[in-house]
Amino acid sequence: MRVLVTGGAGFIGSAVCHALVARGAFVINVDKLTYAANPRSLDAIAHDAHYAFERLDICDRAAMDAVLAKHQPTAVLHLAAESHVDRSITGAAAFIDTNITGTYHLLEAARHYCADLPSARREAFRFVHVSTDEVYGSLGADGRFHEDTPYRPSSPYSASKAASDHLAQAWHRTYGLPVIVSNCSNNYGPRQFPEKLIPLTILKALAGEALPVYGDGSNVRDWLHVEDHAAGLIALVERGRPGERYNFGGESERSNLAVVEHICATLDRLVAAGKPRRTLISFVTDRPGHDQRYAIDASKVRRELGWKPRRHFEAGLEQTVQWYLDNRAWWEPLRARVYGGERLGLLEPTH
Ligand SMILES: NC(=O)c1ccc[n+]([C@@H]2O[C@H](COP(=O)([O-])OP(=O)(O)OC[C@H]3O[C@@H](n4cnc5c(N)ncnc54)[C@H](O)[C@@H]3O)[C@@H](O)[C@H]2O)c1
């Protein structure tokens, strides 16, 4: 396997690169290194003979053609994206550029690359497009997302992901590119940029800062450990059926408030503080367009590929908290220079 991973310096992409190298695959990591990337996430494999890094923008079609021709991958695992909903609310342009236009350029480059392959390699080629459960919109108290649930994205982020998913599927239907789409619930685990709920809460709680909870904290997300997701994506490269969509979830629905309270309790146990950290919780203005609940039916991928989540959420969360305690050198420079934890994604007051 020679897998070209886009976005491999990000949270999920770096976990995918580690898992692929451990599996003996050759990995070509194509990443533009935006604010969300952290090359330190790849320290352990940076000098591995099975790993190559190319600093490139997926919107650069000529560069995508050249990198495919140079490295001759057997598959593309496409994760590069602008990924933070709050940032998409105040600045959607980068989301349109990378998530939609960038995916278009990558699909076109892969289509032409694939067409020129000898037939056996063309048959075996795969393009796995990584998406999110957020494209399905918001659920009420009941029900779960299935692979045929209609798309109803709420945020500029999820709308841009939905658009890219439609492009990926159209490139399969129209051009026969062997595309597989995955829709996954919220990921957590080591090396997540500290703008997302779990690392943001861990780092603020450690610093004794107020812990923002949007609205009343009742919004529910399903959580999947990033290493379980990486294993599922590799299963799609190896055994997924072209033209199909697969949902991934962790069977771990939790309200945002429950997640924040659990982080507080875990930290209180691991690092003593003067007062329980849950007293730092502060309910703040809700996110505009905030989806109430996401829940995934992952029975298809379980049935067809034998994939299931391995980690229990509370155990995985404790391991994640411990990872941030043990890896200050990974996150301290980000907090000091890239993102200090300020509120993002509020609409400007209109006059
Ligand atoms: N994090 C989640 O909970 C989650 C859940 C489901 C699906 N996803 C999807 O998985 C993928 C990865 O998510 P993540 O959380 O790891 O994101 P991330 O923000 O941590 O990383 C994104 C990476 O993509 C790179 N990138 C951005 N624009 C690029 C461009 N134009 N060209 C090349 N590289 C570029 C960044 O430098 C970064 O390394 C995304 O497509 C996201 O939509 C994420």
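The values are calculated or read from the model by the stated rules, or taken from the named source; none is laboratory data. Everything quoted here is computed from the prediction, not taken from an experiment. Glycine also receives a Cβ, built like all others from the backbone with ideal geometry; neighbour counts cover every protein chain displayed.
If you take the residues in region 167-180 that are under 19 Å from Ala124 (Cβ atoms) and in contact (Cβ under 8 Å) with a residue 12 or more places away in the chain, which one is surrounded by the fewest Cβ atoms within 10 Å (Cβ to Cβ)? Within region 167-180, the match that is surrounded by the fewest Cβ atoms within 10 Å (Cβ to Cβ) is Tyr175.
Pairs meeting the criteria (first residue in region 3-25 and touching a residue at least 24 places away in the same chain (Cβ under 8 Å), second residue within 7 Å of the ligand (Cβ to nearest atom) and in a helix (DSSP H, G or I), beta carbons under 7 Å, at least 6 apart or on different chains) are Val5/Gly13; Gly7/Gly13. Only one entry of Ser164, Ser185, Ser158, Ser154 meets the criterion of being touching a residue at least 12 places away in the same chain (Cβ under 8 Å), touching a Ser or Thr at 6+ places or on another chain (Cβ under 7 Å) and closer than 28 Å to His312 by Cα, and that entry is Ser158. Out of Gly274, Gly240, Gly289, Gly232, one residue alone is within 17 Å of Glu134 (Cβ to Cβ) and among the small types (Gly, Ala, Ser). It is Gly289.
Does Phe193 satisfy the criteria of being buried (at least 22 other Cβ atoms within 10 Å of the Cβ) and at pLDDT 95 or above? In short, no.
For Asn327, the criteria (1) surrounded by fewer than 16 Cβ atoms within 10 Å (Cβ to Cβ); (2) closer than 30 Å to Arg239 by Cβ hold in every case but one, which is (2). Does region 156-179 contain at least one residue that is of a type in the set (D, E, K, R) and either closer than 16 Å to Glu261 by Cα or in a loop (DSSP other than H, G, I, E, B) (or both)? No, region 156-179 contains no residue that is of a type in the set (D, E, K, R) and either closer than 16 Å to Glu261 by Cα or in a loop (DSSP other than H, G, I, E, B) (or both). Here the condition is being modelled with pLDDT of 95 or more, more than 16 Å from the ligand (Cβ to nearest atom) and out of contact with any helix residue (DSSP H, G or I) (no Cβ under 9 Å at 6 or more places or on another chain); of Arg173, Arg152, it holds for Arg173 alone. Say we look at region 1-39 and pick out the residues that are of a type in the set (Lys, Arg) and touching a Ser or Thr at 6+ places or on another chain (Cβ under 9 Å); which of these is farthest from Ala80 (Cα to Cα)? Applying the filter and picking the extreme gives Arg2. Pairs please, first residue from region 119-137 and in contact (Cβ under 8 Å) with a residue 60 or more places away in the chain, second anywhere and part of a helix (DSSP H, G or I) and hydroxyl-bearing (Ser, Thr, Tyr), Cβ atoms under 8 Å, 6+ apart in sequence or on different chains. Listed by first residue and then by second, the contacts come to Glu134/Tyr157; Glu134/Ser158; Gly137/Ser158. Applying the criterion of being among the acidic types (Asp, Glu) and surrounded by 17 or more Cβ atoms within 10 Å (Cβ to Cβ) to the residues of region 125-145, the residue that is nearest to Cys184 (Cα to Cα) is Asp133.
Okay, residues lined up against (1) in a helix (DSSP H, G or I); (2) free of Cβ contacts under 8 Å to residues at least 24 places away in the same chain:
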residue: Leu257; (1), (2): yes, no
residue: Arg287; (1), (2): no, no
residue: Pro309; (1), (2): no, no
residue: Glu332; (1), (2): yes, yes
residue: Glu342; (1), (2): no, yes
residue: Leu346; (1), (2): no, no
